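Below is one structure, written out as structure tokens, with a few remarks after it.
The values are calculated or read from the model by the stated rules, or taken from the named source; none is laboratory data. The structure displayed is predicted, hence computed values, not measured ones. A quick note on method: Cβ atoms are made from the backbone with ideal geometry, for glycine too, and the neighbour counts reach across all protein chains shown. For the accessible areas, the whole protein counts, side chains as well, though only heavy atoms, and no ligand, DNA or RNA atoms are used. Shrake-Rupley method; radii C 1.70, N 1.55, O 1.52, S 1.80 Å.
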Amino acid sequence: MRKRGKVFIVSGPSGCGKTTVLTEVFRHYDNFHFSVSATTRRPRPGETDGVEYFFITEEKFDDMVEKGEFLEHARYARCSYGTPRGPVEEKLAQGVDVFMDIEVQGAKQVKAAMPEAVSIFIAPPSLEVLERRLRGRATDDEDKILIRLDTAKREIAESVHYDHVVVNDDYVRAAGEILDIIHGA
Ligand code: 5GP
């Protein structure tokens, strides 16, 4: 147990396998709090308010921004996303590590506010593999796949600003690399 918890920021483009890697990480590591973000996007089937996200209106989101209640916030795919500050501070003070799955603009804001935060970018082995994975999901039409690929290219370009880049060539290996980063921090 640490005296004060550490913040671990994890980003990665859609289709890079971030959820699978993180699920594997958390099988081996449990002294952490996973930050639940607020978002203005609609819940997807199977998502529950307060579990994956706090699903809130644009008005409520703007109100929270105004009151300084977010540690960071950003627009992504025409919706707003933000990390509520309160629970993060509370857990860190209790010596509990905090994980946040946020996109690149938010990651920059957290690094600026908390330079001691550890940032990890999960990257696909190649753009070809990413494209294959996005197409394999078969849930999106061609337009959406191309937009996601384009976004992914821009996100990957931002990975140079992260403390660590972990390539998800194999999710168990990638999870092991992240566990080494956590234990070394
Ligand atoms: P999705 O809508 O697919 O759940 O998430 C879309 C993107 O928003 C993902 O890249 C995810 O990491 C990012 N995201 C989720 N919560 C937050 C947040 O609180 N802040 C920021 N900046 N990005 C977030």
Would you say GLY68 is open to solvent by 30 Å² or more (accessible area, probe 1.4 Å), out of contact with any Asp or Glu (no Cβ under 6 Å at 6 or more places or on another chain) and at positive phi? yes
Given the conditions (1) β-branched (Val, Ile, Thr); (2) surrounded by fewer than 19 Cβ atoms within 10 Å (Cβ to Cβ); (3) touching a residue at least 60 places away in the same chain (Cβ under 8 Å), which single one is not true for VAL129? (3)
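Of the residues that sit in the stretch 55-68 and are outside any helix (DSSP H, G or I) and away from the ligand (no atom under 12 Å from the Cβ), which one is farthest from the chain's Cα centre (by Cα)?
Result: LYS67.
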Can you name every residue in the stretch 115-138 that is in contact with a Leu (Cβ under 8 Å, 6 or more places away or on another chain) and modelled with pLDDT of 90 or more? PRO124, LEU127, LEU130, GLU131
Report yes if ALA117 is within 12 Å of the ligand (Cβ to nearest atom), open to solvent by less than 10 Å² (accessible area, probe 1.4 Å) and among the small types (Gly, Ala, Ser), otherwise no. no
Any residue at all in the stretch 129-148 that is touching a Phe, Trp or Tyr at 6+ places or on another chain (Cβ under 8 Å), assigned to a helix (DSSP H, G or I) and more than 12 Å from GLY15 (Cβ to Cβ)? no
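Taking the stretch 83-102 on its own, how many of its residues are open to solvent by less than 10 Å² (accessible area, probe 1.4 Å) and either in a strand (DSSP E or B) or away from the ligand (no atom under 11 Å from the Cβ) (or both)?
Number of matching residues: 7.
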Just the residues that are open to solvent by less than 30 Å² (accessible area, probe 1.4 Å) and away from the ligand (no atom under 15 Å from the Cβ), please, taken from the stretch 1-54. GLY5, GLU24, VAL25, TYR29
